[in-house]
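First up is the structure itself, then whatever we jot down about it.
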Amino acid sequence: MSTYEEIKDSVDFGFEEYIGKNEYNTAQASARILEEDWWLLNEGNFSKTTFFICLALESLKMNEIPDFIVLKLDEFLMNLEFEDYIKVDDVKRLLHDISLYKERIKKDDYKMVQTDNTWKGRLEYILSLKQEDL
(Lines give C-alpha, C1' and ligand atoms only; values in the text may rest on other atoms or scores of the structure.)
Protein backbone atom coordinates (compact mmCIF):
# COMPACT_ATOMS: atom_id res chain seq x y z
CA MET A 1 0.00 0.00 0.00
CA SER A 2 1.21 3.48 -0.85
CA THR A 3 2.56 5.91 1.71
CA TYR A 4 1.87 9.62 1.82
CA GLU A 5 5.40 10.31 0.57
CA GLU A 6 5.06 7.94 -2.40
CA ILE A 7 1.85 9.59 -3.54
CA LYS A 8 3.23 13.09 -3.04
CA ASP A 9 6.36 12.18 -5.00
CA SER A 10 4.22 10.82 -7.83
CA VAL A 11 2.21 14.05 -8.00
CA ASP A 12 5.32 16.24 -7.77
CA PHE A 13 7.06 14.27 -10.52
CA GLY A 14 3.94 14.38 -12.69
CA PHE A 15 3.60 18.14 -12.36
CA GLU A 16 7.27 18.60 -13.14
CA GLU A 17 6.96 16.38 -16.20
CA TYR A 18 3.64 17.57 -17.61
CA ILE A 19 3.70 21.25 -16.70
CA GLY A 20 7.43 21.86 -16.79
CA LYS A 21 8.31 19.87 -19.90
CA ASN A 22 5.05 19.41 -21.80
CA GLU A 23 3.46 22.76 -20.91
CA TYR A 24 0.14 21.25 -19.79
CA ASN A 25 -2.14 23.30 -17.58
CA THR A 26 -2.98 22.05 -14.06
CA ALA A 27 -6.17 20.30 -15.19
CA GLN A 28 -4.38 18.44 -17.98
CA ALA A 29 -1.48 17.48 -15.71
CA SER A 30 -3.80 16.34 -12.91
CA ALA A 31 -5.89 14.27 -15.31
CA ARG A 32 -2.81 12.60 -16.76
CA ILE A 33 -1.45 11.76 -13.30
CA LEU A 34 -4.76 10.25 -12.21
CA GLU A 35 -4.99 8.19 -15.38
CA GLU A 36 -1.45 6.89 -15.04
CA ASP A 37 -1.66 6.12 -11.31
CA TRP A 38 -5.22 4.79 -11.16
CA TRP A 39 -4.18 1.60 -9.36
CA LEU A 40 -2.51 3.62 -6.57
CA LEU A 41 -5.38 6.09 -6.51
CA ASN A 42 -7.91 3.33 -5.93
CA GLU A 43 -6.16 1.59 -3.02
CA GLY A 44 -8.61 3.20 -0.61
CA ASN A 45 -9.95 6.38 0.91
CA PHE A 46 -6.52 7.44 2.18
CA SER A 47 -4.96 7.19 -1.29
CA LYS A 48 -7.80 9.06 -2.99
CA THR A 49 -7.77 11.86 -0.47
CA THR A 50 -3.97 12.12 -0.58
CA PHE A 51 -3.84 12.24 -4.39
CA PHE A 52 -6.45 14.97 -4.57
CA ILE A 53 -4.94 17.06 -1.75
CA CYS A 54 -1.50 16.85 -3.37
CA LEU A 55 -2.94 17.76 -6.78
CA ALA A 56 -4.84 20.67 -5.22
CA LEU A 57 -1.80 22.06 -3.41
CA GLU A 58 0.41 21.77 -6.50
CA SER A 59 -2.26 23.46 -8.62
CA LEU A 60 -2.72 26.25 -6.11
CA LYS A 61 1.02 26.97 -6.25
CA MET A 62 0.26 28.03 -9.82
CA ASN A 63 -2.72 30.12 -8.65
CA GLU A 64 -5.30 27.88 -10.26
CA ILE A 65 -7.18 24.69 -9.50
CA PRO A 66 -9.21 22.37 -11.71
CA ASP A 67 -12.90 22.28 -10.83
CA PHE A 68 -12.96 18.49 -10.71
CA ILE A 69 -10.36 18.49 -7.92
CA VAL A 70 -12.46 20.84 -5.79
CA LEU A 71 -15.61 18.80 -6.43
CA LYS A 72 -13.95 15.51 -5.49
CA LEU A 73 -12.20 16.98 -2.45
CA ASP A 74 -15.52 18.27 -1.15
CA GLU A 75 -16.71 14.68 -1.31
CA PHE A 76 -13.56 13.05 0.11
CA LEU A 77 -13.22 15.51 2.99
CA MET A 78 -16.64 14.48 4.25
CA ASN A 79 -15.18 11.08 5.19
CA LEU A 80 -11.79 11.21 6.84
CA GLU A 81 -11.88 7.63 8.05
CA PHE A 82 -8.89 5.80 6.64
CA GLU A 83 -7.91 2.18 6.33
CA ASP A 84 -6.46 0.50 9.44
CA TYR A 85 -3.11 -0.25 7.81
CA ILE A 86 -2.26 3.44 7.20
CA LYS A 87 0.59 4.65 9.39
CA VAL A 88 -0.17 7.39 11.93
CA ASP A 89 2.56 9.65 10.51
CA ASP A 90 1.01 9.42 7.04
CA VAL A 91 -2.39 10.41 8.42
CA LYS A 92 -0.82 13.34 10.30
CA ARG A 93 0.87 14.59 7.12
CA LEU A 94 -2.37 14.30 5.19
CA LEU A 95 -4.35 16.12 7.88
CA HIS A 96 -1.73 18.87 7.92
CA ASP A 97 -1.98 19.30 4.16
CA ILE A 98 -5.78 19.28 4.35
CA SER A 99 -5.48 22.26 6.72
CA LEU A 100 -3.13 24.00 4.27
CA TYR A 101 -5.59 23.37 1.45
CA LYS A 102 -8.53 24.76 3.44
CA GLU A 103 -6.57 27.91 4.31
CA ARG A 104 -5.42 28.44 0.74
CA ILE A 105 -8.81 27.79 -0.88
CA LYS A 106 -10.43 30.43 1.37
CA LYS A 107 -8.13 33.13 -0.04
CA ASP A 108 -9.98 33.01 -3.36
CA ASP A 109 -6.93 34.35 -5.23
CA TYR A 110 -6.78 31.63 -7.83
CA LYS A 111 -8.45 30.77 -11.10
CA MET A 112 -10.89 27.86 -11.25
CA VAL A 113 -10.07 25.82 -14.36
CA GLN A 114 -13.30 24.46 -15.84
CA THR A 115 -13.24 20.96 -17.29
CA ASP A 116 -15.79 19.42 -19.58
CA ASN A 117 -18.31 16.77 -18.64
CA THR A 118 -16.49 14.19 -20.76
CA TRP A 119 -13.46 14.42 -18.50
CA LYS A 120 -15.62 14.34 -15.37
CA GLY A 121 -17.22 11.14 -16.65
CA ARG A 122 -13.78 9.71 -17.38
CA LEU A 123 -12.71 10.59 -13.83
CA GLU A 124 -15.68 8.70 -12.39
CA TYR A 125 -14.67 5.72 -14.50
CA ILE A 126 -11.06 5.91 -13.26
CA LEU A 127 -12.24 6.14 -9.65
CA SER A 128 -14.41 3.06 -10.16
CA LEU A 129 -11.56 0.82 -11.30
CA LYS A 130 -10.38 -1.92 -8.99
CA GLN A 131 -6.99 -3.59 -8.64
CA GLU A 132 -8.40 -6.76 -10.18
CA ASP A 133 -9.25 -4.77 -13.33
CA LEU A 134 -5.58 -4.92 -14.36
| said: Can you tell me which condition Leu95 does not meet? The list is (1) modelled with pLDDT under 95; (2) assigned to a helix (DSSP H, G or I); (3) open to solvent by 70 Å² or more (accessible area, probe 1.4 Å), and all the others hold. | reply: (1)
| field | Output for segment 68-92, where each listed residue is closer than 19 Å to Leu123 by Cα and surrounded by 15 or more Cβ atoms within 10 Å (Cβ to Cβ) | value | Phe68, Ile69, Val70, Lys72, Leu73, Phe76
| request: Go through segment 13-58 and give me each residue that's under 10 Å from the mean Cα position of the chain (by Cα) and free of Cβ contacts under 8 Å to residues at least 40 places away in the same chain. | output: Ser30, Ile33, Phe52
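Answer yes or no as to whether Tyr4 is at pLDDT 95 or above, open to solvent by 10 Å² or more (accessible area, probe 1.4 Å) and in contact with a helix residue (DSSP H, G or I) (Cβ under 8 Å, 6 or more places away or on another chain).
Here the answer is no, as Tyr4 does not meet what is asked.
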| task | Scan segment 100-114 and give yes if some residue there is in contact (Cβ under 8 Å) with a residue 60 or more places away in the chain, assigned to a helix (DSSP H, G or I) and farther than 20 Å from Tyr18 by Cα, otherwise no. | result | no
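The values are calculated or read from the model by the stated rules, or taken from the named source; none is laboratory data. Quantities reported herein were computed from a predicted structural model and do not represent experimental measurements. For neighbour counting, all protein chains shown are included, and Cβ atoms are generated from backbone atoms with ideal geometry for every residue, glycine included. Protein only, heavy atoms only, side chains kept; ligands, DNA and RNA dropped before computing areas. Shrake-Rupley method; radii C 1.70, N 1.55, O 1.52, S 1.80 Å.
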